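Heads up, the thing below is written out as structure tokens.
Every read-out reported here was derived from the displayed coordinates using simple, explicitly stated rules and does not represent laboratory data. Computed from a predicted model, the values in this text were never measured in an experiment. All Cβ positions, even for glycine, are placed from backbone atoms using ideal geometry, and neighbour counts span all protein chains on display.
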Amino acid sequence: MDFTRIQIVLVFFFLVFAIYLLFMLFNRAEVASLPTEEIELTIEENLSNRGITFDELSTEKYQLPFVVSETNNHLAENISQLEIEDVSVNQEGMLTGTLSEPMDLGLGLTAETTGFSTEQRQALQDILENPALFISGDVYRNIWYVNSEQVIYARMTAYDGSPIVDGTAEIRINLDDNYMMTGYTQTFQSNITELDRDRTILSEREALEIIDRRVETLIPDDSTIHYSSVVYYRQTQLDGLNVYLPAWQIVYDNPNGRFTLLVDGIRGNTVNRNQFN
């Protein structure tokens, strides 16, 4: 009798357990069959949610060529024209000049100066074209002032006014606390030539999407994107030739300073991150 009761209890238990398993199976199947909707934020929404301030992101794409230049000794060959006591050119072709006395550039710079007016740019261009101070200074047409560094950059351009920003074709003028020139460094590229084949580069919006997807280049929360522009950088150095590719330069500010990010316009990889102290 006791054995029969045990059988009945076991049968009842397994029946209840089977019903429970069937219930769970149907419940999971019902949940799995419900439509799933992935919510993917746009780059604009993602930046806004992280407190990043920015202007409207352009979706325009440009057709731009590769650019090549020739390896040269132009600065070393013309160093004798400079009327600067302390001047030299290193093995990499960079010229360094140090003035014996600080020179007033007459630009009227102050602590509040964040950029140059048309008049200031023209005044600086006249100084750059002085052969006693600079070699071939007339070819450095892209001018940029970094207030936090107290440095003036004058850069050669690669195509349609787009500057070479990797330091291989620029004059960097150093200023003292009174905004007087104390010296400069200079690099130079010879025979900059556009290749025939144009390439379609990423849009500004696509460049920001690439930056925002990668932890190593993620723009910090609560930053302000200062501006974006198309530039060139040296991608390859061959025997006797330098190859320059178009890129997007993203400049942003946050409490830690001003930073730049470079995104290759063709391949979409991030090239570097620099900080202006």
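Residues whose amide H lies under 5 Å from that of Asp166, counting only those 5 or more places away or on a different chain, are Arg234; hydrogens are built 1.01 Å from N in the peptide plane. Peptides 122-128, 154-160, 210-216 ordered by packing proxy, namely the average of other Cβ atoms within 10 Å per residue, highest first: 154-160, 122-128, 210-216. The Cα center of segment 250-273 and the Cα center of segment 68-88 differ in position by 31 Å.
A simple rule links phi to the HN-Hα coupling: the Karplus curve 6.51 cos²θ - 1.76 cosθ + 1.60 with θ = phi - 60°, which for segment 188-196 gives 9, 10, 9, 6, 5, 10, 7, 6, 5 Hz, with x for Gly and Pro. Mind running the shape call on segment 158-202? Use the C-alpha gyration tensor, a ≥ b ≥ c as the square roots of the eigenvalues: rounded below 1.5 for a/c, prolate if a/b tops b/c, oblate otherwise. The shape class here is prolate.
Principal axis analysis of the Cα atoms in segment 171-277 yields extents of 46, 37, 19 Å, listed in decreasing size. Using R0 = 41 Å, the C-beta based FRET efficiency linking Ser117 and His74 works out to 0.85. Taking amide H as placed 1.01 Å from N in the peptide plane, Arg258 has its amide H under 5 Å from the amide H of Phe276, each at least 5 places away in sequence or on another chain. Computing FRET efficiency as 1/(1 + (r/R0)^6) for Arg214 and Gln63, where r is the C-beta to C-beta distance and R0 is 25 Å, gives about 0.40. Note on Asn90 and Arg199: their simple-model spin labels are 2.9 nm apart, each label 7 Å out from Cα toward Cβ. Of the two radii for segment 113-205, the radius of gyration is 1.01 times the Kirkwood radius, both from the alpha carbons; that is the Rg over Rh value.
Binning all Cα-Cα separations of segment 132-175 at 5 Å, short to long from zero, yields these whole-percent fractions: 6, 23, 31, 24, 12, 4. Annotation: extensible slack from Arg141 through Ser190 equals 16.1 nm (criterion: 0.36 nm per residue apart, minus Cα-Cα distance).
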